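Colleague: A single structure is presented below for examination.
The values are calculated or read from the model by the stated rules, or taken from the named source; none is laboratory data. Keep in mind it's a predicted model, so treat the numbers as computed, not measured. So basically every Cβ, Gly included, is an ideal-geometry build from the backbone, and we count neighbours across all protein chains shown. All accessible areas refer to the heavy atoms of the entire protein, side chains included, with ligands and DNA or RNA removed. Shrake-Rupley method; radii C 1.70, N 1.55, O 1.52, S 1.80 Å.
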Amino acid sequence: MTIIELKGVTKTFNAAAVPINAVQGVDLTVDEGEFAAIVGPSGSGKTTLLNLIGGLDEPTSGSIVIGGTDITRLRPGERTRFRLRNIGFVFQSYNLIPVLTAYENTGFIMELQGTLPAERDRRVRQLLDEVGLADRMNSRPSRLSGGQQQRVAVARALAPRPRFILADEPTANLDSHSTETLLDIMARLNKEENTTFLFATHDQRVVKKARRVITVEDGRIASDQRMREEQAAHG
Amino acid sequence: MKLIFRMAWRNIWRNRRRTIITMLSIVLAIVLSIIMRSMQLGSYGKMINDVVGTYTGHIQVHQKGYWNDKTINSTFAASDSLIGMIESVAGVAFVVPRLESFALAAGAERSRGSFVVGIAPEKEHALSGLRKRVIKGDYLTTGDSGALVAGGLARFLKLGVGDTIVLLGQGYHGVSAAGAFRIKGIVHFASPELDRSFVYLDLATAQALFSAEQRLTSAVVEPRGRAATETIARMLRSLLDGRTFEVLTWREMLPELVQQIQGDNVGGIIMLAILYLVVAFGIFGTILMMTNERIREFGIVNAVGFSCGRLAVMAAVETAMLSLLSALAGSALALPVVLYFNLHPIRLTGEAAKAMINFGVEPVLPFLLDWRLFLVQILIVIAVTAVTMLYPFSLLGTLKPVSAMRR
């Protein structure tokens, strides 16, 4: 079942009065349960594409339909509510809220959604346990390592069971061990909870785990390869 | 909302030193402004009480035109129904009748112009505490044929208790007024002007002296509380025939006192405005830093679904907590100071004291203890804070998560 559908999406920035086409006429569909990576060199437009899919930015033209809703037609406030209900984000720099503990950060979106405390508590504890941070739930981000913070960010994104998760260079600041741990966690959650993951990355370790690799060059999709599960699992 | 409050509270303490410095500046401003305003308003209250309470009263009813041209001919018939009608107005505590005129007061050797007031002794005491001003002899009784003479006048005329004072003047409709009265008591006024001119007679005695039987120059109307003055005056104006009577409040009778208070008050308000302007810049500086250093964070939380509206509420709650806590702490610190000087007013000496005495005011500065004084300062801080909040509000109103996260 298709949950993301882009048709003729273009994003043009006007830098110093010179128009730059970061994304040019992209058509793309992503199905439920996919574990896909958008790859490409720096400046190819993969982060812009991810931002457009996540409703963080507006396309210059084209339509982006998420689960039947064309998010390009939504007003900024409606888009924020849409993101809250449908999309999980994992950012390169972890981006946890510094004044909240790991437990509170993980439950943050659920609390915004108004999930009942008991249900929230159960889900947060379960996820922190799954990402191996059950013993650090009362620590604030400043007391956690980069890898631990990114695991909390993944738990936060997964907690409200979003339609899909957008991860922009989630492993860029992590060492090899932390990267492997994080990718294993995400792959497991993708399987167990059928959560769709879409990465923007140029980390080959992520690409090797992906079951679909979308290559972006100069704002266009240059290739779109689907791997067999065994291929992805063994890189 | 619970989440917003929790985050706001923790955000305040992210930079403890900055928060404490900002709070201290607000606390200091609140303490200074409360003490300053308490002293100012307390002294105004004292001035009003002294001047109004010594003689004028809060409201007076006269024959139309009397206040601008005080002659014995501008009297009105004091019928029981008229006095009863005035007393029946809601909020009126009591009515004090007076017959006032000028006369030459003379002793055996000297004479001087004096202000003669016919009074109902008990009501007059209830209004102005006149009995307490008696420093020698006794106070008047109803129907008394004696006189109370102000100390300065008695000294000038070289008269004492038991001596006779002669009053010579013009009575109602040109009839000559002359009488000799045994001095029953000497009264003292702080104001030299009053102390060298006042002579009190019983009302009936004064009416007989000025051939103005059953007539009054003024009916002093005392409200149950000062706040009701204007309302009662309005009601009296609607009740009494405006072509015959005038109803004046103390503000209208004593414009120079009102102007003095207003002038001083404006000075105080300007001082406060400067103080709060400094505080506003302090608060704004903190808000500016708290906002700018967190733009990226605002972008992140907005990206994950925390709306700009919620962010604005959180920013407002943070600032409100900061300013309210400071305002409450400042009020708590100022309270014992205000309380102490309310109970133990500052007693002035030297030239300042003389100036106040000349104005008919006791030279003390009592502090006003009124919850509204504290509330006003807290509201000012909230208002100042609300203005400084425009910056984060305008920034959050145009927040774009992608560009905010690039910071």
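Colleague: What helices (runs of 4 or more DSSP H), lying completely within region A:69-179, carry at least 3 residues that are farther than 23 Å from A:L198 by Cα?
Modeller: Hits in region A:69-179: A:102-113, A:117-130.
Colleague: Which residue out of B:R133, B:R110 is among the basic types (K, R), at pLDDT below 95 and buried (at least 19 other Cβ atoms within 10 Å of the Cβ)?
Modeller: Unique residue meeting the criteria: B:R133.
Colleague: Okay, next question. Among the residues of region A:6-38, write down those that are on the phi < 0 side of the Ramachandran plot, open to solvent by 10 Å² or more (accessible area, probe 1.4 Å) and touching a residue at least 12 places away in the same chain (Cβ under 8 Å).
Modeller: Answer for region A:6-38, where residues must be on the phi < 0 side of the Ramachandran plot, open to solvent by 10 Å² or more (accessible area, probe 1.4 Å) and touching a residue at least 12 places away in the same chain (Cβ under 8 Å): A:K7, A:T10, A:K11, A:T12, A:N21, A:A22, A:Q24, A:D27, A:T29, A:D31, A:E32, A:E34.
Colleague: Also, quick follow-up: Kindly check whether there is at least one residue in region A:58-68 that is open to solvent by 20 Å² or more (accessible area, probe 1.4 Å), assigned to a helix (DSSP H, G or I) and at pLDDT 90 or above.
Modeller: no
Colleague: On to the next question. Take the residues of region B:167-191 that are open to solvent by 60 Å² or more (accessible area, probe 1.4 Å) and part of a strand (DSSP E or B): which is farthest from B:T217 (Cα to Cα)?
Modeller: Looking at the filtered set, the residue picked out is B:R182.
Colleague: Among the residues of region B:300-357, what is the count of those that are open to solvent by 60 Å² or more (accessible area, probe 1.4 Å), within 13 Å of another protein chain (Cβ to nearest Cβ) and of a type in the set (D, E)?
Modeller: The total comes to 0.
Colleague: Say whether the condition of being within 14 Å of another protein chain (Cβ to nearest Cβ) and outside any loop (DSSP other than H, G, I, E, B) is met by at least one residue in region A:35-42.
Modeller: no
Colleague: Could you list, in sequence order, the residues of region B:154-166 that are open to solvent by 20 Å² or more (accessible area, probe 1.4 Å) and either among the polar types (S, T, N, Q) or touching a residue at least 60 places away in the same chain (Cβ under 8 Å) (or both)?
Modeller: Once the filter is applied, which keeps residues that are open to solvent by 20 Å² or more (accessible area, probe 1.4 Å) and either among the polar types (S, T, N, Q) or touching a residue at least 60 places away in the same chain (Cβ under 8 Å) (or both), region B:154-166 yields B:T164, B:V166.
Colleague: Consider region A:69-90. How many of its residues are buried (at least 21 other Cβ atoms within 10 Å of the Cβ), closer than 24 Å to B:M314 by Cα and of a type outside the set (K, R)?
Modeller: Residues in region A:69-90 being buried (at least 21 other Cβ atoms within 10 Å of the Cβ), closer than 24 Å to B:M314 by Cα and of a type outside the set (K, R): 5 in total.
Colleague: Contact list please: Cβ distance under 6 Å, first residue in region B:197-214 and on the phi > 0 side of the Ramachandran plot, second residue part of a loop (DSSP other than H, G, I, E, B), pairs at least six apart or on different chains.
Modeller: Hits for this filter: B:S211/B:G171; B:S211/B:V175; B:Q214/B:A78.
Colleague: Hey, any hits in region B:262-270 for a residue that's surrounded by fewer than 21 Cβ atoms within 10 Å (Cβ to Cβ), among the acidic types (D, E) and more than 14 Å from every other protein chain (Cβ to nearest Cβ)?
Modeller: yes
Colleague: Please go through region A:64-79 and give me each residue that is within 14 Å of another protein chain (Cβ to nearest Cβ) and without any contact (Cβ under 8 Å) to a residue 12 or more places away in the chain, ordered by number.
Modeller: A:R75, A:P76, A:G77, A:E78
Colleague: When residues of region B:226-250 are filtered for being in a loop (DSSP other than H, G, I, E, B), touching a strand residue (DSSP E or B) at 6+ places or on another chain (Cβ under 9 Å) and either open to solvent by 20 Å² or more (accessible area, probe 1.4 Å) or among the polar types (S, T, N, Q) (or both), how many remain?
Modeller: 1
Colleague: Just wondering, is there one or more residues in region B:238-257 that are farther than 16 Å from B:T19 by Cβ and within 14 Å of chain A (Cβ to nearest Cβ)?
Modeller: No, every residue in region B:238-257 fails to be farther than 16 Å from B:T19 by Cβ and within 14 Å of chain A (Cβ to nearest Cβ).
Colleague: Which count do you get for residues in region B:66-91 that are assigned to a loop (DSSP other than H, G, I, E, B) and open to solvent by 30 Å² or more (accessible area, probe 1.4 Å)?
Modeller: 9
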